[in-house]
Each structure stands twice: as C-alpha cells, then as structure tokens.
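Notes follow once the structure below has been shown.
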Protein chains: 2
Amino acid sequence: MAKSADRSIELLWGDRARPSRGPKPALTVEQITAAGIGVADAEGLAAVSMQRVAGEFGFTTMSLYRYVPGKAELVALMLDTALGEPPVLTAITGGWRPRLTEWAERLWTVTEKHPWSLEASVGLRPIGPNELGWTDSAVGTLTATGLTGSEILDTVVVVTGHVRSIAQQTLTIPAAQRGLTEHQWAATVTDLLRTHGDRFPSLLAAMASATAAGQDKGLAFGLERILDGLGLLIADRVRQAAIRR
Amino acid sequence: MAKSADRSIELLWGDRARPSRGPKPALTVEQITAAGIGVADAEGLAAVSMQRVAGEFGFTTMSLYRYVPGKAELVALMLDTALGEPPVLTAITGGWRPRLTEWAERLWTVTEKHPWSLEASVGLRPIGPNELGWTDSAVGTLTATGLTGSEILDTVVVVTGHVRSIAQQTLTIPAAQRGLTEHQWAATVTDLLRTHGDRFPSLLAAMASATAAGQDKGLAFGLERILDGLGLLIADRVRQAAIRR
DNA sequence: GCAGTTCTGTTTATGTTATACACAGTTCCC
DNA sequence: GGGAACTGTGTATAACATAAACAGAACTGC
C-alpha cells in the first residue's frame with residue numbers, strides 16, 4: 001500500500017517519462033482519466049469501473065493496468081483533473097471577504113460540474129497538485145488578515161466543509177433523476193412528519209414556517225454566517241495589533 | 001426501488017409484527033443491526049458484508065434476507081440505531097448558543113463512536129426516527145431566537161455540515177491505524193510542499209506558522225465562527241422586532 | 001389431531017467487481 | 001540481428017449482492 005501511494009503520488013505530480021523500449025502505448029493516462037471523468041459526469045462514480053473505462057476505448061479491462069496501478073489511483077487522477085486549475089483571485093478587490101466568497105462559489109461551480117468529486121475526495125488519499133492549489137488559493141485570500149496560520153487553515157476547512165456539505169445534499173443524485181427523486185424524498189419526509197409530527201414538534205413548526213420557495217439559499221446563508229463570524233475575529237486581531245503598536 | 005424504500009421506511013419506523021404461522025425466526029432485526037454496528041465500529045463500513053454479518057451468527061449469507069430486504073436497508077437501520085436517542089437539551093441554560101454548542105458536541109461524540117456513520121449518511125436515503133429526532137433537537141435550540149423556519153433549517157445544515165466535515169478529516173481511518181497513517185500522510189504532504197513549495201506560497205507560509213500543536217481545534221474554531229456569525233443575525237432580528245413593536 | 005399453509009434457513013446459481021499472472025507479439029538498444 | 005523491455009490480452013481467482021428453488025418446521029382451521 002505504501003508502494004501504491006508512491007506510485008500514485010508520482011502519477012499525480014511527476015512527469016510521465018515514456019520508456020524507450022517496447023511498443024508505443026495506444027493510450028495515455030490523460031485520455032484514460034478524461035474517459036473516467038466522462039463516465040462519472042454522466043452516470044456517477046459508481047458507473048466507473050475498470051471494465052467500463054477500458055471499454056470506452058474498446059480495450060480490455062486489464063489494459064488499463066498498464067497505465068494506472070489500480071482504480072484508486074485512477075479516481076485520484078480523475079479528481080485532480082476535474083478540479084482543474086485553482087482559481088486566481090488577485091484581481092478581486094475589496095479585501096478578504098469578496099475573495100473568499102468568490103473562491104467558495106468557484107468551488108461550488110466545479111463541484112456542480114462533477115458531483116462525484118465529493119465521493120472521490122473523502123479520507124486520507126494521495127493529494128494532487130490542483131487540490132493543493134485550491135487550498136493554497138483559499139489560504140491566499142486570508143494571509144493579509146492578521147490571522148495565524150492555524151486559524152487560516154481552520155477557516156479554509158470550515159468554508160470547504162460548508163460548500164461540500166451543501167453540495168452533498170443537492171448534488172448526490174445523478175442530474176437526470178434529481179428532480180423526481182428529490183421530490184419523492186421530500187414527500188416521504190413530509191408524510192413522516194404528518195404521521196409522527198408530535199415526536200418532532202420543533203422540526204414540524206420550522207418546516208411549516210419555511211416557505212417552500214427558500215430552497216437553494218443554503219450555500220449563501222451558511223457562507224454569510226461563517227464570514228460574518230470570521231469578520232469579528234479579524235476585527236479583533238486588527239484591534240489587538242493596533243493596541244500593541 | 002420505490003417498494004424497497006417503503007419497506008425500508010417500514011423497518012425504520014414501523015412495528016415489526018411477527019407473523020403467527022411458520023417457525024420462529026432465530027434472529028431479530030435488532031440483533032442483526034447490532035452485529036452490523038459491531039463490525040462497522042471495529043473494522044469500518046467496508047467490512048460490513050451480508051456474509052460477514054450473517055457469519056457473526058453462524059448463519060448463511062442468504063438468511064439475512066429473511067429479515068432485511070437488502071444491504072442498503074441494513075445500513076440504514078445501523079445508522080439510525082447508532083445515532084441513538086436524540087439529545088434532550090432543555091436542561092441547558094444560557095440560551096440558544098450553549099444549547100446548540102452542546103448539540104454539536106454530542107453529534108461529534110456519537111460520530112466519534114461510529115465513524116462509519118459518515119459514509120452511511122450520504123445522499124437521499126430513507127431517514128429514520130432517530131435521525132429526524134436529532135434534527136428536531138437542533139431545530140429546538142433555535143425556535144426562540146426570532147429566526148425564520150428557513151433560517152433555522154439552514155443553520156442546522158451548516159452546523160451539521162461542520163461537525164461532519166471535521167469528523168471526516170479526523171475519523172476516516174479505522175482507529176487502529178489512525179496514528180500511523182495520519183502521520184505518514186502528513187509527512188507526504190510536507191514532502192510535497194518542500195519540493196513544490198514555490199507553487200503554493202500561501203499554504204507553505206500558513207503551515208510554517210501553524211504550530212504543530214494546534215490540530216484538534218478545528219471543530220471548536222469553526223463552530224465559534226459559525227455561532228458568532230449566527231449571533232449577529234439573531235441580534236439583528238431582535239433589534240428589528242424591538243423597532244416594530 | 002391432522003392437512004394445508006406459511007414461514008425459515010439453506011443450497012445453488014448468476015452477474016459484478018478488482019486485480020494477479022502468464023503469454024504472444026512489438027519495438028528499440030546495443 | 002539478437003536480446004531486453006514493454007504492450008495488450010486471455011485466463012483465473014476471490015469478494016460481493018442477490019435471485020430462485022427447496023426442505024423442514026410450526027401454526028390455523030377443520
């Protein structure tokens with residue numbers, strides 16, 4: 001497993017020098033990765049099997065293992081490729097808040113485009129350059145705020161977590177069925193609440209008062225709370241710095 | 001799939017009336033669920049297979065299907081059982097903030113005890129009474145704040161998301177290997193940063209300034225920011241209400 | 001009390017997975 | 001030109017979920 005991790009790191013980070021002996025490979029890691037992304041975008045990460053991806057090229061399952069050590073590594077490549085180049089936010093004016101907001105929105109956008117990236121990015125996995133770049137980009141929005149390094153990193157975790165959390169609720173279903181399934185699910189919950197409402201009085205009241213319209217606000221609402229709270233901390237730091245001077 | 005959902009709802013919510021004809025079942029759904037939880041606690045959700053759970057009783061794989069329609073339903077039962085009775089927070093004084101903080105900490109505690117619950121609770125799945133109860137409990141901490149129903153629900157989403165997000169980073173690895181793997185992973189990332197540091201200047205600086213000690217603060221840090229920000233909104237609502245009166 | 005019905009646990013079978021291993025053909029280095 | 005290195009394939013294995021059919025057990029209605 002250690003070797004596999006190294007190989008994976010190499011695939012994600014290194015140059016892929018072609019050996020000189022032997023026949024030319026018919027495929028490239030990039031092509032395979034792209035095919036995997038295509039399948040995952042269209043049918044979800046569960047549809048991505050070695051068989052399926054190889055089949056996209058009319059090749060046998062085992063041929064893929066000449067390019068990639070295993071499925072885990074393929075998924076890691078897919079993830080880092082799908083994330084794409086990290087956003088450059090230096091052009092955005094107005095301080096840390098609009099920058100970090102923009103960052104969160106871009107993360108949302110890319111997650112919306114590749115919902116399977118959520119599943120693909122759980123746990124301690126080999127991290128790719130784009131993923132690290134996204135983190136760097138977020139950290140960069142906060143370097144001039146007077147926050148400590150730990151605070152900045154913790155903040156990035158909170159914001160990332162929020163975007164992911166909202167995405168997970170909204171995007172888990174393959175887009176094709178989303179409307180139907182979601183509606184069905186909502187109906188089931190409503191039904192349960194109607195039947196067992198006395199056991200969940202607060203929830204019942206809240207849902208009754210919640211307008212059916214206010215649905216997609218979760219991302220913005222949470223982000224605003226988080227950034228408001230962060231603003232208080234930053235203001236504190238500024239004040240302290242002023243006193244100390 | 002719809003039928004399966006119904007059956008699942010029935011299992012989670014209904015009384016399980018025993019039929020009067022035929023031999024007595026040797027097992028109960030509760031026993032099976034508990035066995036599944038035991039396996040998942042000890043070896044992770046991936047170790048939970050029908051074979052494995054049946055084996056815990058010395059039964060064949062297929063015997064489980066007499067009790068549970070399929071693996072998805074078993075996992076749903078495991079999740080709702082593992083969550084346990086939702087917390088009752090009425091005894092906690094000091095208003096919404098200490099109550100919601102306590103709620104988050106209890107969610108953290110139960111997640112720590114059953115880390116696999118994270119994996120088990122993604123997507124639109126049949127929701128159980130305990131899970132709904134936990135949500136109700138969280139909503140209950142905010143009913144007296146002047147927030148609208150939508151705002152309360154969105155807030156619960158944010159707080160839940162944060163706890164889950166921190167948990168996912170900390171608890172993904174089975175406890176046994178956690179120290180080692182985590183250390184290894186950190187070493188790999190440090191290595192990458194050393195090698196490619198110029199590509200990630202902000203991150204490098206932040207990690208250098210971050211004391212190695214400040215690691216488990218993520219939960220508290222993020223929660224405080226969120227609640228600080230929420231506090232501003234609630235204060236606003238109180239002010240508005242005062243004006244209007 | 002007994003026949004028939006219903007239910008349990010098992011056996012057997014199918015279709016997916018990932019991936020290990022050995023082989024035949026291809027291409028380049030020396 | 002011969003050997004080494006590499007590619008894509010064929011074959012094999014071990015998990016996995018779950019469908020279908022079956023033998024025996026226990027209760028219901030007579």
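The values are calculated or read from the model by the stated rules, or taken from the named source; none is laboratory data. Note that the structure is a prediction, hence the values are computed from the model and not measured. Every residue, glycine among them, receives a Cβ derived from its backbone with ideal geometry; neighbour counts consider all protein chains shown. SASA here: full protein model, heavy atoms, side chains in, ligands and nucleic acids out. Shrake-Rupley method; radii C 1.70, N 1.55, O 1.52, S 1.80 Å.
Here are the numbers for this structure:
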{"item": "Conditions (1) of a type outside the set (A, V, I, L, M); (2) surrounded by fewer than 13 Cβ atoms within 10 Å (Cβ to Cβ); (3) over 23 Å from A:P115 (Cβ atoms): number failed by A:T61", "result": "(2)"}
{"item": "Number of positions in the stretch A:120-162 that are free of Cβ contacts under 8 Å to residues at least 60 places away in the same chain and not in a loop (DSSP other than H, G, I, E, B)", "result": "22"}
{"item": "Helices (runs of 4 or more DSSP H) wholly inside the stretch A:8-105 that include at least 2 residues being within 10 Å of DNA strand C (Cβ to nearest atom) and in contact (Cβ under 8 Å) with a residue 24 or more places away in the chain", "result": "A:71-83"}
{"item": "Residue match in the stretch A:111-121 (condition: within 30 Å of A:V238 (Cα to Cα), surrounded by fewer than 19 Cβ atoms within 10 Å (Cβ to Cβ) and touching a helix residue (DSSP H, G or I) at 6+ places or on another chain (Cβ under 6 Å))", "result": "no"}
{"item": "Residue, farthest from the other protein chains (Cβ to nearest Cβ), within the stretch B:219-245, restricted to residues that are charged (D, E, K, R) and under 20 Å from A:T145 (Cα atoms)", "result": "B:E224"}
{"item": "Residue in the stretch B:102-110 that is open to solvent by 30 Å² or more (accessible area, probe 1.4 Å), more than 24 Å from B:G222 (Cα to Cα) and not small (G, A, S) present", "result": "no"}
{"item": "Filtered residue count, the stretch B:13-63, keeping only those that are within 14 Å of chain A (Cβ to nearest Cβ) and within 13 Å of DNA strand D (Cβ to nearest atom)", "result": "3"}
{"item": "Condition check for B:P201: modelled with pLDDT under 90 and open to solvent by 40 Å² or more (accessible area, probe 1.4 Å)", "result": "no"}
{"item": "Some residue of the stretch B:211-218 being within 7 Å of chain A (Cβ to nearest Cβ), free of Cβ contacts under 8 Å to residues at least 60 places away in the same chain and exposed (fewer than 14 other Cβ atoms within 10 Å of the Cβ)", "result": "yes"}
{"item": "Residue in the stretch B:107-114 that is without any contact (Cβ under 8 Å) to a residue 24 or more places away in the chain, in a helix (DSSP H, G or I) and more than 16 Å from B:L89 (Cβ to Cβ) present", "result": "no"}
{"item": "Residue that is modelled with pLDDT under 95 and of a type outside the set (V, I, T), where the choices are A:R125, A:R99", "result": "A:R125"}
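For every residue, the table says whether it meets (1) within 7 Å of chain A (Cβ to nearest Cβ); (2) open to solvent by less than 20 Å² (accessible area, probe 1.4 Å).
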position: B:N130; (1), (2): no, no
position: B:G133; (1), (2): yes, yes
position: B:L142; (1), (2): no, yes
position: B:T145; (1), (2): no, yes
position: B:T148; (1), (2): yes, no
position: B:I152; (1), (2): yes, yes
position: B:V156; (1), (2): no, yes
position: B:R164; (1), (2): yes, no
